[in-house]
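The values are calculated or read from the model by the stated rules, or taken from the named source; none is laboratory data. Since the structure is predicted, the reported quantities are computational estimates derived from the model, not experimental observations. Heads up, the Cβs are rebuilt from the backbone with ideal geometry, glycines too, and the neighbour counts pull from every protein chain shown.
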Amino acid sequence: MQEITRVGVDLAKRVIQVLAVNAAGLRVTGRALTREKFLPWCAQLPPGCLVAMEASSSAHHWARKLIAMGLDARIIAAHLVAPYRMQGKGGKNDANDAAAICEAASRPQMHFVPVKSVEQQSMLCIHRLREGFKTERVACINRIRGLLAEFGLVFAQKPEVLRQALPETIEDASNELGGLARLALQRAFVQWQELDEHLDWCDQRIAAHLKTNEQVRQAQQLMGVGPVTASAVVASVGDFHQFKDGAQFGAWLGLTPRQHSSGGKNNLGRITKHGDMYLRTLLIQGAKSIVLTAHKRDDPISRWVLQIRQRSGWQKAVVALANKNARILWAVFVRGKAFGI
């Protein structure tokens, strides 16, 4: 075990595959371990040994445990590991994945995922829960609309209109709703109200995060960055010094164009959509509201957005502003200067 300098770990729910190599990159051992035996096995590794694993739902948990044991735990994004699987797409198994992770970790230019703290992951639980409740609420509203349409009852698209009309519609004896249909709609309406309460609870937790965290308050100063986006950015990224500049942070979010350049000719396509989809979506949604109302303001950013919109269209203006906000966020947190228009 003292010869081991690097370990690749393929995580799973019950069985964890490991592959260890020495300083020369030669295989020392490889085996499948149960969850209970994984940490005792790692305790035998020399201090400071590099233990790399692929990003997954439990990767940050294991990384925190390994760091506490004095090991150098690293997390690698899945799409960066796949090219190092020697057997290709047709040879995917746990052992080959562990070998690919071990090989990827040896690359000097490899980008690693920063290990999130318990506080960061706890806040992200609120955001994930909130997104789930939002999806369920939309499904519930659409379900109610579909049931009403079966009886010829159609309402305006705004949820507020349906919310106000639904209780009276259920009680109205002049429509075609049957007794069971009224009971079903009442139950669906109760579910809708419960989902609203769950969303309010999540919003309260995010508001508390805004109140107690200075970084979240700084992020909210940007145009197009509200409390939800500011909280999500701080909880997801943590230390912005991991990025060398704002451009790299924007690329990490997937807000930069794809390239297919050769022979000195630069061909740029759509944005890559790499990185955290949730953060990217929030930044784009916030930028969309700013772009659509930019003509009402006279600040430098609004004028810049209007120029891009007139030249390239509003969709590209939205992505450009989202990318700009990402760069400003990096500058605010790394340079320690408050944002000001």
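A few remarks follow.
- A residue that is small (Gly, Ala, Ser), over 18 Å from the mean Cα position of the chain (by Cα) and farther than 30 Å from residue 302 by Cβ cannot be found anywhere in the stretch 217-239.
- Taking the listed residues 31, 27, 64, 14, the one that is surrounded by 14 or more Cβ atoms within 10 Å (Cβ to Cβ) and assigned by TED's automatic domain parsing to the domain that holds residue 84 is 64, with no other qualifying.
- In the stretch 84-101, the residues that are in a helix (DSSP H, G or I) and either outside the structural domain of residue 25 (by TED's automatic domain parsing) or without any contact (Cβ under 8 Å) to a residue 12 or more places away in the chain (or both): 89, 90, 91, 96
- Residue 307 free of Cβ contacts under 8 Å to residues at least 24 places away in the same chain, of a type in the set (S, T, N, Q) and out of contact with any helix residue (DSSP H, G or I) (no Cβ under 9 Å at 6 or more places or on another chain): no
- Of all the numbered requirements in (1) out of contact with any helix residue (DSSP H, G or I) (no Cβ under 8 Å at 6 or more places or on another chain); (2) touching a residue at least 40 places away in the same chain (Cβ under 8 Å); (3) not aliphatic (A, V, I, L, M), residue 236 misses one, and that requirement is (1).
- Which listed residue is modelled with pLDDT of 95 or more and more than 22 Å from residue 278 (Cβ to Cβ), from 89, 65: 65
- Hey, residue 135 free of Cβ contacts under 8 Å to residues at least 40 places away in the same chain and surrounded by 14 or more Cβ atoms within 10 Å (Cβ to Cβ) or not: no
- Scanning the stretch 84-106 for residues that are out of contact with any strand residue (DSSP E or B) (no Cβ under 9 Å at 6 or more places or on another chain) and surrounded by 12 or more Cβ atoms within 10 Å (Cβ to Cβ) turns up 84, 85, 87, 91, 92.
- Residue list for the stretch 1-44, filter: in contact (Cβ under 8 Å) with a residue 24 or more places away in the chain and acidic (Asp, Glu): 3, 10
- Of the candidates 141, 126, the single residue that is in a helix (DSSP H, G or I), more than 25 Å from the chain's Cα centre (by Cα), of a type in the set (A, V, I, L, M, F, W, C) and within 30 Å of residue 166 (Cβ to Cβ) is 141.
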